[in-house]
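Peer 1: Below is the structure I would like to discuss, written out as C-alpha cells.
The values are calculated or read from the model by the stated rules, or taken from the named source; none is laboratory data. Since the structure is predicted, the reported quantities are computational estimates derived from the model, not experimental observations. All Cβ positions, even for glycine, are placed from backbone atoms using ideal geometry, and neighbour counts span all protein chains on display.
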Amino acid sequence: MTDDYDDSSYDATARIVDPGGDTEDRRFEAALRPRKLADFPGQPRVRDQLSLVLEAAKRRAAPPDHVLLSGPPGLGKTSLAMIIAAELEQPIRITSGPAIQHAGDLAAVLSSLAEGEVLFLDEIHRMARPAEEMLYLAMEDFRVDIIVGKGPGATAIPLELPPFTVVGATTRAGLLPAPLRDRFGFTGHLDFYTPEDLAQILTRNATLLGIDATEQGIEEIAGRSRGTPRIANRLLRRVRDYAQVHGSGILDQGAARAALSLFDVDDRGLDRLDRAVLEALCRRFGGGPVGLSTLAVAVGEESDTVETVAEPYLVREGYLVRTPRGRAASPLAWQHLGLTPPVNAVAGAEQLPLEDGGGRFGG
C-alpha cells in the first residue's frame, strides 16, 4: 500500500515489529520527520553520498546496497532510514537489535519481507550472535537456513528470500563484528549539528506545530541543544509550554531563557547531571583525576549513566579529560562553575596523558 503526498513525496509504510509500543515522543518525532532526502537538514556529506547510492539503485531498478548509519543518539538515523524507504517507494519494517535475541526471531522477520522492502535494524550492535550469523547469509545471498531437529539428526532447510535492503543504525560502530560491517555497501557517520542547522530544523518544526516563534527565541534554543536535533525538539516543546502558561504565547528569547533555566539547561547546554559531575570533580575531588565508579557514586547515578549520557558532551566541549588515572576537570570546567582552580589542579589537568583506548577504567 502506498500513500503519496501533495508534494509528490512517498509515505513509507512502517510496520514496527519492536514490542516497545507507541509513545507520545515517538508520535511527535514521526510527525516532524522530513520525507525526502532533499529536505533533510544538516549532514551534507552523508546526504550527498546517500543520494547518489539511491539514485543509482533506482536507475538500475534494483534494491540499493545495505546501508549502515552510525553516530551518537538523536542525530537522525531513524529519519534517514524512513527517507531511504520513501525515496525507493518501498515499505519499511522497523525492529531493533535488543528485540532479536534468537535466530528464530530474525528468521520470522526475514521470511515475511516483500521484494525491495527496507528492513531497519536500530541498535544493530546489540543483536544476539546467532541472529548476526543468520543475517550475514541473508544480506549476502538472500537466503536463510532453517534448522529442523536437534543433534546429529538436525537438517538445514534453505529458504530463499526476495532482494531487500537492510538499514542498520548504531551508536557504537566499534562493537559491530567485522563480518557484519563488511556486508554493508555504504556506511555513513552522522556528526553533531551546528547551531545554524539546528535553528533551521527548529524553525521548520515550529511552523509545522503552529508555534509563533521569533528568530531570537529559536537561536536561544539551538545554542543550548548540544548539537542534537532530538534535544532541540524536546526543548522546543518545553519552551512552547512555558510561553503558553507564563508568557504571551509567543516563543521569544525571554520565554526561551526563562523556560530553559526552569528545566536546568544553562547557556552552554549543560543540564543537571553535567553540572553535578563537574561540581563533584571540582569541589569534592580537587579537579581529579578520580575513578568513574567513584564519580558516579558522588553524583548518585550509575556508572553507565555518567559514561554514556554526561561524559561524551563534557569531553567534546573540553570540560572533562579522560586519562588512564581517571576523570579530571579542565580549566574550562572551573571557569564555567565560577571557581578558581588550585595551581596544581590546573597544571595537573593540562599535563595528564589522555586515555589511550575506549575501555572503561577507574574504580
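Peer 1: Against the definition (hydroxyl-bearing (Ser, Thr, Tyr), under 21 Å from Tyr319 (Cα atoms) and surrounded by fewer than 16 Cβ atoms within 10 Å (Cβ to Cβ)), how does Ser261 come out, yes or no?
Peer 2: Numbers: hydroxyl-bearing (Ser, Thr, Tyr): yes; under 21 Å from Tyr319 (Cα atoms): yes; surrounded by fewer than 16 Cβ atoms within 10 Å (Cβ to Cβ): yes.
Yes: the conditions hold for Ser261.
Peer 1: Residues to consider are Arg238, Arg230; find the one that is within 22 Å of the chain's Cα centre (by Cα) and free of Cβ contacts under 8 Å to residues at least 40 places away in the same chain. Break it down into steps so the answer makes sense when it comes.
Peer 2: Values: Arg230 fails: free of Cβ contacts under 8 Å to residues at least 40 places away in the same chain.
Testing whether each residue is within 22 Å of the chain's Cα centre (by Cα) and free of Cβ contacts under 8 Å to residues at least 40 places away in the same chain leaves just Arg238.
Peer 1: If you go through segment 270-288 one residue at a time, how many are assigned to a loop (DSSP other than H, G, I, E, B), out of contact with any helix residue (DSSP H, G or I) (no Cβ under 8 Å at 6 or more places or on another chain) and not acidic (Asp, Glu)? Let's see the steps before the verdict.
Peer 2: Our first condition is that a residue be assigned to a loop (DSSP other than H, G, I, E, B); within segment 270-288, this holds for 270-271, 285-288.
Still in the list and also out of contact with any helix residue (DSSP H, G or I) (no Cβ under 8 Å at 6 or more places or on another chain): 271.
Add one more test, that the residue is not acidic (Asp, Glu), and what stays is none.
Selection size over segment 270-288: 0.
Peer 1: Shifting gears a bit: Is it true that Val299 is at pLDDT 85 or above and either surrounded by fewer than 16 Cβ atoms within 10 Å (Cβ to Cβ) or over 18 Å from the mean Cα position of the chain (by Cα) (or both)?
Peer 2: On the way: at pLDDT 85 or above: no; either surrounded by fewer than 16 Cβ atoms within 10 Å (Cβ to Cβ) or over 18 Å from the mean Cα position of the chain (by Cα) (or both): yes.
For Val299, the condition - at pLDDT 85 or above and either surrounded by fewer than 16 Cβ atoms within 10 Å (Cβ to Cβ) or over 18 Å from the mean Cα position of the chain (by Cα) (or both) - is not met.
Peer 1: Quick check: is even one residue across segment 180-191 within 21 Å of Asp65 (Cα to Cα), free of Cβ contacts under 8 Å to residues at least 12 places away in the same chain, surrounded by fewer than 20 Cβ atoms within 10 Å (Cβ to Cβ) and charged (D, E, K, R)? Steps first, answer last, please.
Peer 2: Of segment 180-191, the ones within 21 Å of Asp65 (Cα to Cα) are 180-190.
Now drop any that are not free of Cβ contacts under 8 Å to residues at least 12 places away in the same chain, which leaves 182.
This time we only want the ones that are surrounded by fewer than 20 Cβ atoms within 10 Å (Cβ to Cβ), so: 182.
Okay, now just the ones that are also charged (D, E, K, R), so 182.
Looking for residues that are within 21 Å of Asp65 (Cα to Cα), free of Cβ contacts under 8 Å to residues at least 12 places away in the same chain, surrounded by fewer than 20 Cβ atoms within 10 Å (Cβ to Cβ) and charged (D, E, K, R), one finds at least one in segment 180-191, hence yes.
Peer 1: Continuing with this model, one more query. Given the conditions (1) at pLDDT below 75; (2) crowded, with 16+ Cβ neighbours inside 10 Å, which single one is not true for Gly357?
Peer 2: The single condition Gly357 does not satisfy is (2).
Peer 1: What do you reckon, is Ala259 touching a Gly at 6+ places or on another chain (Cβ under 9 Å) and closer than 30 Å to Arg237 by Cβ? Spell out how you get there, then give the answer.
Peer 2: Details: touching a Gly at 6+ places or on another chain (Cβ under 9 Å): yes; closer than 30 Å to Arg237 by Cβ: yes.
Yes: the conditions hold for Ala259.
Peer 1: When you scan segment 249-267, how many residues do you find that are more than 24 Å from Ala333 (Cα to Cα) and out of contact with any Phe, Trp or Tyr (no Cβ under 6 Å at 6 or more places or on another chain)?
Peer 2: 7
Peer 1: Please go through segment 67-85 and give me each residue that is in a loop (DSSP other than H, G, I, E, B) and over 21 Å from Arg183 (Cα atoms), ordered by number. Walk me through it before giving the result.
Peer 2: First, the residues of segment 67-85 that are in a loop (DSSP other than H, G, I, E, B): 71-76.
Result: Pro72, Pro73, Gly74, Leu75, Gly76.
Peer 1: Restricting attention to segment 90-123, and to residues there that are hydrophobic (A, V, I, L, M, F, W, C), in contact with a strand residue (DSSP E or B) (Cβ under 7 Å, 6 or more places away or on another chain) and not in a helix (DSSP H, G or I), which single residue is surrounded by the fewest Cβ atoms within 10 Å (Cβ to Cβ)?
Peer 2: Going residue by residue through segment 90-123, those that are hydrophobic (A, V, I, L, M, F, W, C) are 92, 94, 99-100, 103, 106-110, 113-114, 118-121.
Add one more test, that the residue is in contact with a strand residue (DSSP E or B) (Cβ under 7 Å, 6 or more places away or on another chain), and what stays is 92, 94, 107, 109-110, 113, 118-121.
Next, only the ones that are not in a helix (DSSP H, G or I) stay: 92, 94, 113, 118-121.
Numbers: Ile92: 22, Ile94: 22, Leu113: 20, Val118: 27, Leu119: 24, Phe120: 28, Leu121: 28.
Across segment 90-123, the extreme among qualifying residues is Leu113.
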